[in-house]
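Trainee: Structure incoming, see below.
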């Protein structure tokens, strides 16, 4: 009788060990697989967003400089309203650099030009104009506190200033949704939020410059990292990527807990197999 129990115990142990190993291996491996999947998927999404942002940057700068040349050279631009509206321009205004007075504007789409620039504004826009044809400012507060971007050009004593809404960035980031709480963030060259799932972060142009991923983006590096998200109140894993030629950056993030839950489901399925195998044995 004792021998029978002993043999049963030995046989059960011999059967259980490989089955338990079979369960433990996917339990550990599945989390690794989830992380690798994030690396591929999140970076791919970030790359797609980056291409859209590069195209937008190209269209905005090319259109602005074309209009700047027409305004200074010919004194007028015809039928520009719809194009500027589609590119989310708020206004394009021309000022005299000597008096800071408004000289001209494109008034077929939005009449929001101020009559005179302050000394600080003049200096700011002249500095921006000196950065070249591809320069767009970091996010700044508008008259009502709303975030704006600026682009500027100078010629023959005249300064052309274009102001942009950030709607394009917000809409682009909002188009990304995956998992339960996956999201995308777009930042400017200073690490300030241009688009974020938290409206307050967008409105206040919250700085994310203290995150290590921002330092990597500003160094021109792409990769995957984990960090604590204040808006979600949890740890997230994110793919991040700089947007070439713009200074902007993209972060595609997802709570780490969602990865753990998926890995646990894989382990749970394997456990069922283990139990069935032991019962069958």
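Trainee: Could you grab the pairs with beta carbons closer than 6 Å, sequence gap of 6+ or different chains, first residue in the range 168-180 and in contact (Cβ under 8 Å) with a residue 60 or more places away in the chain, second one surrounded by 12 or more Cβ atoms within 10 Å (Cβ to Cβ) and part of a loop (DSSP other than H, G, I, E, B)?
Mentor: 168/88
Trainee: Quick one: would you say residue 60 is buried (at least 17 other Cβ atoms within 10 Å of the Cβ) and touching a helix residue (DSSP H, G or I) at 6+ places or on another chain (Cβ under 6 Å)?
Mentor: Values: buried (at least 17 other Cβ atoms within 10 Å of the Cβ): yes; touching a helix residue (DSSP H, G or I) at 6+ places or on another chain (Cβ under 6 Å): no.
When the stated conditions are applied, residue 60 does not pass them.
Trainee: Condition test on residue 162, is it in contact with a strand residue (DSSP E or B) (Cβ under 6 Å, 6 or more places away or on another chain), part of a loop (DSSP other than H, G, I, E, B) and more than 16 Å from residue 198 (Cα to Cα)?
Mentor: Values: in contact with a strand residue (DSSP E or B) (Cβ under 6 Å, 6 or more places away or on another chain): yes; part of a loop (DSSP other than H, G, I, E, B): no; more than 16 Å from residue 198 (Cα to Cα): yes.
It is false that residue 162 is in contact with a strand residue (DSSP E or B) (Cβ under 6 Å, 6 or more places away or on another chain), part of a loop (DSSP other than H, G, I, E, B) and more than 16 Å from residue 198 (Cα to Cα).
Trainee: Residues in the range 238-281 that are at pLDDT 90 or above and farther than 19 Å from residue 226 by Cα: how many?
Mentor: The qualifying residues number 6.
Trainee: Follow-up. Name the residues in the range 224-242 that are over 14 Å from residue 196 (Cβ atoms) and without any contact (Cβ under 8 Å) to a residue 40 or more places away in the chain, would you?
Mentor: Once the filter is applied, which keeps residues that are over 14 Å from residue 196 (Cβ atoms) and without any contact (Cβ under 8 Å) to a residue 40 or more places away in the chain, the range 224-242 yields 225, 226, 227, 228, 233, 234, 235.
Trainee: For the range 200-225, what are the residues that are more than 28 Å from residue 143 (Cβ to Cβ), touching a helix residue (DSSP H, G or I) at 6+ places or on another chain (Cβ under 8 Å) and surrounded by 16 or more Cβ atoms within 10 Å (Cβ to Cβ)?
Mentor: 222, 224, listed by residue number.
Trainee: For residues in the range 139-159 being out of contact with any helix residue (DSSP H, G or I) (no Cβ under 8 Å at 6 or more places or on another chain) and assigned to a strand (DSSP E or B), which is surrounded by the fewest Cβ atoms within 10 Å (Cβ to Cβ)?
Mentor: Checked the range 139-159; the qualifying residue surrounded by the fewest Cβ atoms within 10 Å (Cβ to Cβ) is 141.
Trainee: Here's another thing I want to ask about it. Have a look at 190, 209, 222 and point out the one that is closer than 20 Å to residue 254 by Cβ and within 14 Å of the chain's Cα centre (by Cα).
Mentor: Numbers: 190 fails: closer than 20 Å to residue 254 by Cβ; 209 fails: closer than 20 Å to residue 254 by Cβ.
The unique qualifying residue is 222.
Trainee: Still on this model: Given the conditions (1) in a loop (DSSP other than H, G, I, E, B); (2) closer than 22 Å to residue 205 by Cβ; (3) within 27 Å of the chain's Cα centre (by Cα), and given that residue 178 satisfies all but one, which numbered condition is not satisfied?
Mentor: (2)
The values are calculated or read from the model by the stated rules, or taken from the named source; none is laboratory data. None of the values given here were measured: they were computed from a predicted structure. Methodologically, a virtual Cβ is constructed for each residue, glycine included, from the backbone with ideal geometry; neighbour enumeration extends over all protein chains shown.
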